[in-house]
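Remarks on the structure that follows.
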Amino acid sequence: SNEMKFFEKHELVEADNWWHCNNYYNIPVEDFMNLIKSSLKNDYTVCICGDISEPGFDNQTQVAIIPSFDIPASLIDDDTRQMRLSNGSTTDDHCVHIVGYFEKNGECWFLIKDSNGGAYDGACKGYRFFRQDFVKLKMMNIMIYKYAAKSILDKIIK
């Protein structure tokens, strides 16, 4: 969220944070995405939480994208994320585990391990594919190994 200063600790204001933990760092979306990719490149997996109750989330194909009628991927930035968080159209309703990513036809795709029952409906039992635009716009927070976050933490902790 950019309602709170970047690179500072804040409370993540959402229902799953019922204990009001304020040990979350707010970072810009480009850093968020780079951190996810660099973690995966360095063999760390990423726990990610966000909104999967979206029109671009298809249980049959196990694919999640941002539909063209919503917003072009090139326009997703900190402000578009914040607007959806503030108006409640992005909520935290599920956490999954990113275990890999690949690029195909100029698009970045994340391989998601999901233990939710619906994840077993498609051909890739227990796995889904999230396109980068979906992660960038609809995922709210990540949890990673501290050494995977070193590049960001070095900016914050002096």
- Message: Among Val135, Val96, Val13, which one shows the highest mean-square fluctuation when the chain is modelled as a Gaussian network with alpha-carbon springs under 10 Å?
- Response: Val13
- the range 60-130: chymotrypsin sites (Phe, Trp or Tyr not before Pro) in DSSP loop, at most 16 other beta carbons within 10 Å: Phe69
- Bin width 10 Å, alpha-carbon pairs only: give the P(r) of the range 28-145 as whole percents, running from 0 to the bin holding the largest distance. 14, 50, 33, 3
- Message: What's the magnitude of the charge dipole for the chain around its Cα centre, counting Lys and Arg as +1 and Asp and Glu as -1 at the beta-carbon? Answer in Debye, nearest 20.
- Response: 600
- Item | Under 5 Å, built H, 5+ apart or other chain: amide partners of Val46 | Ile98
- Note on the structure: Quick note, the range 35-101: a/c under 1.5 would make it rounded; otherwise a/b > b/c is prolate and the rest oblate (a ≥ b ≥ c, C-alpha gyration tensor); here it is prolate
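No lab work stands behind these numbers, since they all come straight from the coordinates. Everything quoted here is computed from the prediction, not taken from an experiment. So basically every Cβ, Gly included, is an ideal-geometry build from the backbone, and we count neighbours across all protein chains shown.
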